[in-house]
Structures are given as C-alpha cells and as structure tokens.
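Some notes on the structure that comes next.
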Amino acid sequence: MSRGHAYPPDLARYVEAHWPPEAPPLTLPPKLLDQALSAAFQASLTSEEARPTRFRLLLTPAEQLPEGGAPNQGVLRLRFDRSRPLYADELRRLGPAVPFETSLIGVHAEEDKLRIWGIAHSGPAWLAPTWGGRSLVPNWTYDPIIHVTGPGKIAIRCAGKLVGAIERGLLVDATMDVFDSDWLPAMFAREREEVRAEHNALQARTASPTSVDHSLVGRVGQHMLRRAIQLVRGARHGGMILVVNTGLEAPPNGLDGLRLKYRFGQDEPSHRYRTLLLQILEAVAAASPNASVGWLDFASNASARLEELEQAVFELSRVMANLTAIDGAVVLDKRFGLLGFGAEVSAELPAPQRVWRALDTEGRERQPDDFENVGTRHRAAYRFVNDHPDGLAIVISQDGGVSFVANREQEVVFWEQSVSP
C-alpha cells in the first residue's frame, strides 16, 4: 500500500507494471486506460437520486465476448444502436439500470477514444467466492474490469483477481480477507475434528470408507458465514454475530456477560447446519473414487443433490441474517448452532485497556486504535472478546463495513474485512 495520495493515473501505471503474467498482455493503450479510470473515478464521486454510484466497467469490445453467452455462463451482450460517450455523468445515469452484482457497462475504442457500446449481463454467479458458494462459472475474459464501489473507491480486476485499487486516497495492491488467515480456522480446529470423526464413523459402515480433508469441513462453514454477512450488508440495517466457545450442552460460563432476549431450544433444528454438513460430506464421498475428499471435489461436483444441500446451507445463512434485524446480537456456538438472538453484551464487562487494528490477515502488524472512536456495536464486540478470549465477534455496520474482532495473545484485535464487491 502506498503512503501518499493516489489518483487514477497512478493506478493506471501500477496496473501496467503489475499485470498478471498468466494473463494475456494488456493491449489497451495507456492513454485509454487513463481515460477509463478517470471517468470511473469522477463517476464514483456522484450519486443518482441519493443512491451512490456503483458499477462495473468492462474494457472489452462487444465482438470479443463469447458468442451466444448466457448469464452465469458468460455474458448476454446488449448493444446500443449508437455508442455513447464515456463521461462520468453518463456512467452515473446508467448505473441504476446496470446493477453492480449482475451487469457491466461495456466500452470500446473508437478513433482513439473510449465509448460505451452497451450492457453485458453476466448474472450473479461470479460473486460466489465473495458471497459464499462454489464458483462453477468459466472465466470469459482476461481484459481489465473496473469496479466502482463507492466514493473514490475504484479497483481493476483481471479474471476475478485484484490487480490494483484506490481506497481512502491510497493505492492498494491487496485485499484484507480474514477467511484467508490461519488464525480464524484455528479457532474451529476442535469442531472440525469432531465432524471428521463423526463422518468417519458413518463411513465405517460402507464398503469403501472415504475420509474428508480439513479444507472441505472448514470452507463450507466459511461460505455460510460469507453469505450471512453479505445478506446483512444488503439489508443495510447493520448487525452483530457472536460466536461463543460452547456446544450443544451450552454450559452457562459460555454465555457469561450476555443477556439473551430470545433463546432457542437446543434440538436438531437449531443445529441444522451440522446435519447438512454431514450430508454434504456423505454426498461428496459417495461420488468420489478416492480414499479422501476435499474442497475441490465439492467445488467441481455439479450434482443436483449437492446443489440442493448447498442451497439449504444458504437458507440457514438467510435465517441468521434475518435475526440481526432487531437490536442485539445473534449468538452461535462453534458448531454454528443457533443459541439465540437479541443478545445484549453487558455494560458491566470490563473494557479492554486498548484495541489494535490489524494491518495484515494474521494480525502480526498492528496499530493502536481508540476504543471510544467507534459505535456501540464495536464497543460491545470489544468487551465481549476481551471477556471471552476464545470467542469471535463479527460487526456489520449500516454503511456496509465489516469488522472481525478476536483476542490474539491477550490483546483485542480487529480486522476491517474487505467487502468489495
């Protein structure tokens, strides 16, 4: 990340110097890349009927897109009868009709200038890695795609991977994705082993027992959480999810300092995630000739049964997100069982002497942050994690920001999760 203020020309030069070597060479002339980024940046500072301007800008001529492409399998290209100038105001006006999640504004070069040729409808499947889910969609372009997600926030991606971005006036070359860390999966190591042992016990009754890798058990849960977080962000009411170090037996000490207004009975429906997870593992194992299966076996399996189970997991994500709509936190155990919602973190819990902002996914680089310089949700999360060192807090702000809060080496540390797109 750069230390000085960055502008579109700086991002253009960075992208040219750091274009992925595995992708075809960047053919767009520097002058036109500057033009596209400048127009996108100016458009990001505008709004349409009080809505922030958000869009994806596809720097690919229409004729180079897959012929006959269909949403979620490529693109449906819709050309205007006449191209339109690439101006910030034109992007602002088009934005509401070209939703960020499902469509792109297509541009191409005409006489050394970029013009808008129309709309490319991609469908939402490309969001799977961020929103949770398996991505079975083939990549249909290596050309640059500009993402505009908020005022002054622009990024260039190639085949779904970030090349460079401007955020808060700084040049950014990496995203903060807590799900890529080592510390987060480590918090659930015991629970993963329980699942694997239970699966192995079930498989022992079959003719060809198949074990499961940690990667599969862990990532199914990660994707459920990703989807829940995105649903809360989309609802724009904010919320908080607390994960406590307890289980089906729900010992009282696991809930110390929490006042649960609505508590669920601890039966199978409130722990439906475990049921679905074991069914997923069984289905993946049944379809594989290997002695062990992992995430890639699940991700590449397009069977109707696995699609059904995955959608059932995502319906649990929806239930979880819905419960954040009232005041108070949703409380889960580390098996992702639902303990209750409307939870209040007691104001009597001691506040940490200080909190730290993580500068990398592992939290090894940190800087001190002001405990009072945040809202009530964040302060409640800090107190909870300070009192529950094995717990986890996820705070979703009304503006869409996401923070993970955990206790690392007896210090309260928070990560500002990258949530673009």
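The values are calculated or read from the model by the stated rules, or taken from the named source; none is laboratory data. Computed from a predicted structure; not experimentally measured. Glycine gets a Cβ as well: all are built from the backbone with ideal geometry, and neighbour counts include every protein chain shown. Accessible surface areas use protein heavy atoms only, side chains included; no ligands, DNA or RNA. Shrake-Rupley method; radii C 1.70, N 1.55, O 1.52, S 1.80 Å.
Normalising the Debye intensity of the chain to I(0), with uniform scatterers on Cα atoms only, and taking log10 at q = 0.14 Å⁻¹ returns -1.31. Sorting the segments 153-162, 53-62 by their mean number of nearby beta carbons within 10 angstrom, highest to lowest, gives 53-62, 153-162. So which GluC sites (Glu not before Pro) in segment 181-271 pass both tests, a DSSP loop state and at most 15 other Cβ atoms within 10 Å of the Cβ? Those that pass, being in a loop and sparsely packed, are GLU249. Count Lys and Arg as plus one, Asp and Glu as minus one, and take only other residues whose Cβ is under 13 Å from that of VAL15; the net charge is then -2.
With K and R counted +1 and D and E -1, the other residues having a Cβ less than 13 Å from that of LEU231 yield a net charge of +3.
Directionally averaged projected area (segment 382-421, Cα convex hull): 2.9 nm².
Computed over protein heavy atoms with a 1.4 Å probe, the accessible surface of segment 354-421 works out to 44 Å² per residue. Remark: segment 147-300 carries 45 Å² of accessible area per residue (probe radius 1.4 Å; ligands, DNA and RNA excluded).
What does the net charge come to around LEU114 if you take all other residues with beta carbon closer than 13 Å to its beta carbon, with K and R at +1 and D and E at -1? Within the 13 Å Cβ shell, the charges total -2.
Wrap a convex hull around the Cα atoms of segment 343-421, take a quarter of its surface area, and give that in square nanometres.
Its Cα hull, projected and averaged over all orientations, spans 5.4 nm².
What are the lysines whose alpha-carbon lies under 30 Å from the alpha-carbon of LYS161, with same-chain residues fewer than 8 places away excluded? Straight-line reach from LYS161, under 30 Å: LYS31, LYS113, LYS153. Would you work out what percent of the accessible area of the chain, with all protein chains in place, is carbon or sulfur (probe 1.4 Å)? With neighbouring chains kept in place, the figure for the chain is 50 percent.
Against the empirical curve 2.2 N^0.38 Å, the C-alpha radius of gyration of segment 262-421 lands at a ratio of 1.23. Cross-link reach is defined here as a Cα-Cα straight distance under 29 Å, omitting same-chain residues fewer than 8 places apart; for LYS334 the lysines meeting it are LYS261.
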